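See structure below.
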Amino acid sequence: MYRTSQMAASILVNAIYAMKNFPITLVNTLLSPLSFLLVITLASHGRLLSVSVGGALIMSMISSGIGLQGDLSHLKNDFKLQDMVVSSPTTASVYIVGMAISEIVYSIPAIAVLGILATIYIHTTVLGVFQIIAVMVLMFSFSILLGFTLATITYDIIQSWAFSGIISTLMSTIPPVYYPITYIPMPFRYAAYASPTTYGAELVQNAIGFAHLSGTAFMVDWIILIMINVVFFIIAVKKARWREV
C-alpha cells in the first residue's frame, strides 16, 4: 500500500499536474513523432506510411523514456525533491517505477493517436500486434534506464535538455526507424546497428510485413534488445548516484 501511494504521488507530481495546468506541453508529445511521420510519408508518396507509423510508435517510447531525464533533473536540482525522497523510506526502485509510469500517463494522448493510426494503416496478425507491443515495452524500458542514469549525474536542467536532444536525435531520427535500413547505402548501413532502435525498427517492420527477417536475424534482434536492457539495468543500479556523495 505504501509503495502504491508513493507511485501515485509520482504520477500526480510529474504527469497529472503538467497535463492539468499546462496542456500546451502535450502538444510536444504529439508533434515529435507525428512530424517525422508526415515528412517521411510525403517524401515517399505514401509508400512508407505503415513503416512511419511503426517508427512513430518507437519514437514515442524513446521520447517518453528520455523525457524522464529532464523531469528527474528538474525535480532533483530545482526543487530538491530527490533529497527529500532519499531521506524518506522510499527506495530508488519505487521512485523510478512511479516516475516511469508517470511518463506513460503523460504520453497517453500521443499513444492514443498513434494507436488509431496504427489500427487504420498497419495490417498485421495478432502475433504481429504482440510483437510490436513487446518492442515498444523494451524501447521504453531501455530509454527509462538510460534517462534515469543520466539524470542522476547531471547538475543542471539545461545540461539535461542538451543530453535529451542529442539522444533523441541519435536514437530516433538518424537510425532507420521511419524507413527501412535498406535505404541506407553500404557501408554506412553497418553504423545504424550502433543504435538499439534499429533492431526494434527491424522487428516492427517485420511484424507489419514490410521487412522480411530470416529466423536467425529475428532471434538476434530480440536477443540484442533484451541484452541492452539488461546491461543498462546493471549500469543504472551500479553507477547511478541515488545519494549525493
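Summary of computed values
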quantity	calculated
Anisotropy class of the stretch 94-189 from Cα gyration tensor, a/c 1.5 cut	oblate
Loop chymotrypsin sites (Phe, Trp or Tyr not before Pro), the stretch 162-226 (other Cβ atoms within 10 Å of the site Cβ: 12 or fewer; DSSP)	PHE188
Where the stretch 163-245 is the region considered: accessible area per residue in Å², 1.4 Å probe	56
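The values are calculated or read from the model by the stated rules, or taken from the named source; none is laboratory data. What you are looking at is a predicted structure, and each value in this text was computed from that prediction instead of being measured. When we count neighbours, we look across all protein chains shown, and the Cβ atoms used for this are built from the backbone with ideal geometry, even at glycine. For accessibility, only protein heavy atoms count, side chains too; no ligands or nucleic acids. Shrake-Rupley method; radii C 1.70, N 1.55, O 1.52, S 1.80 Å.
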